[in-house]
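> Dropping the structure in here first, questions after.
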Amino acid sequence: MENIYNYIKEHATPQAEALSWVEKQTHLRTNHARMLSGAVQGQFMRMLVQMTKAERILELGTFTGYSAICMASALDVNGHLDTLELNDELEDLILEGFGRAGLSDRITLHIGDCKETLKRMLSEMRDSENGNCDPDKQYDIVYMDANKREYCEYYELVFDMVRPGGLILADNVLWDGKVCQDPLPQDKQTLGIARFNDMIRDDRRVESVILPLRDGLNIIRKK
């Protein structure tokens, strides 16, 4: 599989200089470089933003900012991306990467607990009279790549924040193949991902497909 991935990477559009810097710094300054989205998935997400003409994007789980840069680089000058990250020790690295990519004005980094931040954002988006989200504030794309144990909770919080026809992208939904094992491993992360995948399958408000890209990417379209 590694040979196939390298072949695909070599035959895709090369990553930008700022992304190469983020990738290098991620390996040098963190212990979890494998969490990086990488060039292939990053290019796919960039093209997805271009194809959907997305203007507003929400990301759950910034890590070192690689995927945020990929998506934000496809936005037009009026587009904006909000990204949420728990680990404040990564803030300087993230913001420097955004600056190197020339995207500081298109990305807002929110440091703090993901669920609490989402609750606050959702409250700010709701109309005080009818409780519905303001269509002008809804997102075109939400990308989930935070705590796998909480994917179901994230989904419930972001659903109304996404416009009809918009996309929710959930990463790592194959979880190294653990979700396919019988019996299912009982660690909380595997159980969280499996429960989320079942939830999406059974949700008639959406249509979805899981792509075996990297560790599995669930593409969910809100009807």
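A short reminder: the numbers here are calculations on the coordinates, not readings from a lab. Everything numeric here is computed off the predicted structure, so don't read it as measured data.
> Full-extension gain between ASN6 and THR52, please, as 0.36 nm times their residue separation minus the C-alpha to C-alpha distance. Working shown, then result.
Values: separation 46, 0.36 × 46 = 16.56 nm, distance 2.73 nm.
Extending this stretch completely gives an extra 13.8 nm.
> Under the classification rounded if a/c is under 1.5, otherwise prolate if a/b is larger than b/c and oblate if not, where does segment 1-83 fall, given a ≥ b ≥ c as square roots of the Cα gyration tensor eigenvalues?
Because a/c hits 1.5 or more and a/b fails to exceed b/c, segment 1-83 counts as oblate.
> Can you tell me the length gained on complete extension of the stretch ASP182 to GLU153, counting 0.36 nm per residue apart and subtracting the Cα distance? Kindly include the intermediate steps, with their values, before the conclusion.
Values: separation 29, 0.36 × 29 = 10.44 nm, distance 2.52 nm.
Contour length minus the Cα-Cα distance gives 7.9 nm.
> Note the full-extension length gain between ASP127 and LYS223 as 0.36 nm times their separation in residues minus their Cα-Cα distance, in nm to one decimal.
Details: separation 96, 0.36 × 96 = 34.56 nm, distance 2.15 nm.
Full extension of this stretch gives 32.4 nm more.
> Only Cα pairs within less than 10 Å get springs; with that Gaussian network setup on the chain, which residue of ARG195, ARG120, ARG106 has the largest fluctuation?
Fluctuation is largest for ARG120.
> Next question, about the same structure. For the pairs LYS148/LYS222; LYS24/LYS188; LYS24/LYS148, note any where the Cα-Cα span goes beyond 29 Å.
Working: LYS148/LYS222 21 Å; LYS24/LYS188 31 Å; LYS24/LYS148 25 Å.
With Cα atoms farther than 29 Å apart: LYS24/LYS188.
> For a distance above 23 Å, tell me the whole-number percent of Cα pairs in segment 93-218 that qualify. Intermediate results must be reported in sequence, preceding the final value.
Working: 3299 of 7875 pairs.
When every Cα pair of segment 93-218 is considered, 42 percent fall beyond 23 Å.
> If you build a Gaussian network model of the chain, linking Cα atoms that sit under 10 Å apart, which residue out of SER128, SER20, SER37 swings the most?
SER128
> Oh, and also: Quote the convex hull volume per residue of the chain, based on C-alpha atoms, as a whole number of Å³.
Details: hull volume 28.8 nm³, N = 223.
Cα-based convex hull of the chain, divided per residue, equals 129 Å³.
> Could you quote the convex hull projected area for segment 70-165, Cα atoms only and averaged over all directions, in nm²?
Averaged projected hull area, Cα only: 6.9 nm².
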